[in-house]
Each structure stands twice: as structure tokens, then as C-alpha cells.
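The structure appears right after this line, and notes come after that.
The values are calculated or read from the model by the stated rules, or taken from the named source; none is laboratory data. Computed from a prediction, not measured in an experiment: that's the story for all the values here. FYI the Cβ positions are ideal-geometry reconstructions off the backbone, even for glycines, and counts take in every protein chain you see.
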Amino acid sequence: MNWIEYLNSRQGEMLQFLEKIVHLESPSSDKQAVDKCSAFLIKEFKKLGAEITRYPQDHIGDLYLIEYLPPNSRKKKEQVLILTHLDTVWPVGKIKEMPFTTRGKKVYGPGILDMKAGLVMLLYSLKALKDRGLEPKKKIAVFINSAEEIGSKTSHKVIQAIAKKSTLVLCLEPALPGGNLKIQRKGRLVIHLEAKGKAAHGGTPENGINAIEELVGQFRLLNKLKTRGTTINIGVIQGGEKANIVPEKAWALLDIRFWKKMQKERIISFFKQLRPRLKGARLEFSIESFTPPMEKTNASLNLFRKIKKIGQSLNMAFEGGKTGGGSDASVASNMGIPTIDGLGPDGDGIHASNEHLLLPSLIERTALLTELLIHL
């Protein structure tokens, strides 16, 4: 079956659907907006006969498991897990500043590449199978995360439970620039570091303990954590009330990335050993979220070779690469299950105002995914 030709005939339909879900803005922290986008998507998967399991959540968007089980698939013992997410880093209203736009072969919009295009790929891949009366080789389980961008212990637990029943995992995050797949990712620790001091009048600062000064002094020590491959980003700082008040409290959010699981304990140990620099000040830290690294494994390399061979049959060439960004693929990979990430379309501008996908790659990757579901 020539999937490229088939999907090119549905390109307009795919773009219209993509535009709809991009307009259904879904920032991770806005449960109402995320649930609205989810509800729209779930209706489409139900039309394909998929079985839906909802995991209600109080503070983040509800999580979903979608099981695509054509009659003959129910008898199959093996299952493939497909990881997706519909939350984005963009606030509601960003679509006005970053409108859904097609310019030549590029399609722009907030969250379009990371990763609403992956959801469109999946939907139209399943539609293609159903339209042509073809059966997937394995049962298909799809997890839709609502809080991938901010990290969620609950979603990680659900992924682990589904992954235990799966023989391989495919993640539809965007490809590396140029179209390469992801077989290695950095782990991520988000650390909340807080300094506490003593308030005083700005005219007599010697009577207080400046929490901001203490916090900034600690930042200088963070360079000791940096090694080859370990990066630190001070992403948020808050503290103080007014210019004439010695700040009593200040805090920061730190994003720390690393390649090996063993490095996590080294990082935590570093924060445990931090001591205040100012007399009378106090320091506290907590782990806001943790995503393990996706390390290169023999199981995943073997899966990559199979995918590469299937890609070659479609005249697609790609290699395996690595990235500093984290994803849910790391959660499954850490369980020893063969996992490949970056199967989504090619593009650029993730988390930036020029976020876009390359339209030909949307068609090509949907064709590749369809072949993978038939043959893997």
C-alpha cells in the first residue's frame, strides 16, 4: 500500500483537524482548557471504535488510555504502547500572537510540533488502517498525558502500569532537526531552593538577614555541579516585597539535566550539603519533579534497527540521536522496555515563538507509523 499517496489525498483534512486542536489551547496548568481539548479528541477516537479509560484528576487535566482493538486484535497477546501528550507550554490566548499559519511547507502555531501533530498522526494512522481493512500486528494502547510539560507523578505511574503489559513503546514527540529519531534523552530534576532570612527596615539592613542575598550567594556554588553533560538553568526567581524592606524569603526553581541515572543521587547529595552563607539564614530544598534519563540500551537499539529498515522500505532515511529534553519515553525506557522516541514530524522552534512543523514530514511520519503498526 502506498501510504504517502493515500495520506497526501487526505492532507487537507489532516491540516483542518490539526488547526482545530491547535486552537483548543491546552496549557498544562489550565485543567479546564486541557480537558476541553481532550474531550474533542476522545470523540474522534471513539468514532474509530476505540475503548476509552479516563483517569480523573483534581489539579491537572484528566489522563486517558485509548485501546484500539479491532475484532482480531483482541486475541493477540502482545501490545504496543504509544505515548502522546496534548498539554503545551503556551497560555490560553497565545494563538492570537502565534496564529495557525501555513507558509510554503511550514505550518506554524503554539504547540503544533510539541506535540499536537503527533496526535493527528496517530488518529489518521488508525483511520488509514480501518479504511483499508488492515489489522495492526499487536494490540494498540495509547496514553494521552495532560501534564507532560510540567511533570506528573500520577501520569508516570499510569505509564508504568500500561508499559508493563507492552512489548515495545513508541513516542510521538517531534523528531530531531533533520528527522532523526531519539534513542537517548537527558534526565531532569526540577529543584525548589528556598532561602529564609529576617525582615528589617531598608534603612537599617544590618538588623535583618537578606534572603535574596543568601539565595544569590548559593547560585555561585551551583557551578560545582556542572560536569560534562550536566546543565543547570535557573528558570524562576522570586523574593522580597518592597525596596525598603529586607527580604525575609526568596526562592528559585532550578532545571537540572543529566545523562546517567547515577548522577541523580550526586545532585541530590549536593543540595543536602548546602549550608547558609549568612549568619542566621536558613536553606531548604525540595524536588518539584523528576524525569529519569532515557539511556541507550540494546533493547532500544534493536527496535531502532527494525524501524530504520521499515523506513528504508518507504524511502525514508534517518539515524538515532540524542537530546537534552525529557519526555515520557524515559519513564518506559527505564523499565527495560524497548522504546523509541522522536517519531513525530520534523520542524523547529519548540517552546519558541517560531514553533512550526514541516508539512511533508507530517505525511511521511504518519505513513511510517502506519507501517510500524502493521509490521512491528
Quiz item: Does GLU265 satisfy the criteria of being outside the structural domain of LYS157 (by TED's automatic domain parsing), over 30 Å from the mean Cα position of the chain (by Cα) and at pLDDT below 95?
Solution: no
Practice problem: Would you please name the residue that is surrounded by the fewest Cβ atoms within 10 Å (Cβ to Cβ), looking only at residues in the range 85-114 that are assigned to a loop (DSSP other than H, G, I, E, B) and aromatic (Phe, Trp, Tyr)? | Solution: PHE100
Quiz item: Is one or more of the residues making up the range 122-135 more than 24 Å from GLU19 (Cβ to Cβ) and either among the small types (Gly, Ala, Ser) or in contact with an Asp or Glu (Cβ under 7 Å, 6 or more places away or on another chain) (or both)?
Solution: yes
Quiz item: Could we say that LEU69 is in the same structural domain as SER26 (by TED's automatic domain parsing), among the aliphatic types (A, V, I, L, M) and modelled with pLDDT of 95 or more here?
Solution: no
Exercise. State whether the residues of the range 234-254 include one that is under 26 Å from SER333 (Cβ atoms) and buried (at least 17 other Cβ atoms within 10 Å of the Cβ).
Key: yes
Exercise. Could you tell me which numbered condition LYS308 fails, if it satisfies all but one of (1) within 15 Å of ASN180 (Cβ to Cβ); (2) touching a strand residue (DSSP E or B) at 6+ places or on another chain (Cβ under 7 Å); (3) not aromatic (Phe, Trp, Tyr)?
Key: (2)
Exercise. Output the number of the condition that GLY239 fails; it satisfies all remaining conditions of (1) small (Gly, Ala, Ser); (2) in contact with a Leu (Cβ under 7 Å, 6 or more places away or on another chain); (3) farther than 26 Å from GLU355 by Cα; (4) assigned by TED's automatic domain parsing to the domain that holds PRO345.
Key: (4)
Quiz item: Based on what the data block shows, is ILE337 assigned by TED's automatic domain parsing to the domain that holds GLY179, farther than 19 Å from LEU368 by Cα, surrounded by 17 or more Cβ atoms within 10 Å (Cβ to Cβ) and modelled with pLDDT of 95 or more?
Solution: yes
Quiz item: Tally time: how many residues in the range 301-322 are surrounded by fewer than 20 Cβ atoms within 10 Å (Cβ to Cβ) and either assigned to a helix (DSSP H, G or I) or β-branched (Val, Ile, Thr) (or both)?
Solution: 9
Exercise. Could you list all residues from the range 308-345 that are in contact with a Pro (Cβ under 7 Å, 6 or more places away or on another chain) and acidic (Asp, Glu)?
Key: none
Quiz prompt | Odd one out for GLN263 among (1) under 30 Å from ILE144 (Cβ atoms); (2) surrounded by fewer than 22 Cβ atoms within 10 Å (Cβ to Cβ) | solution = (1)
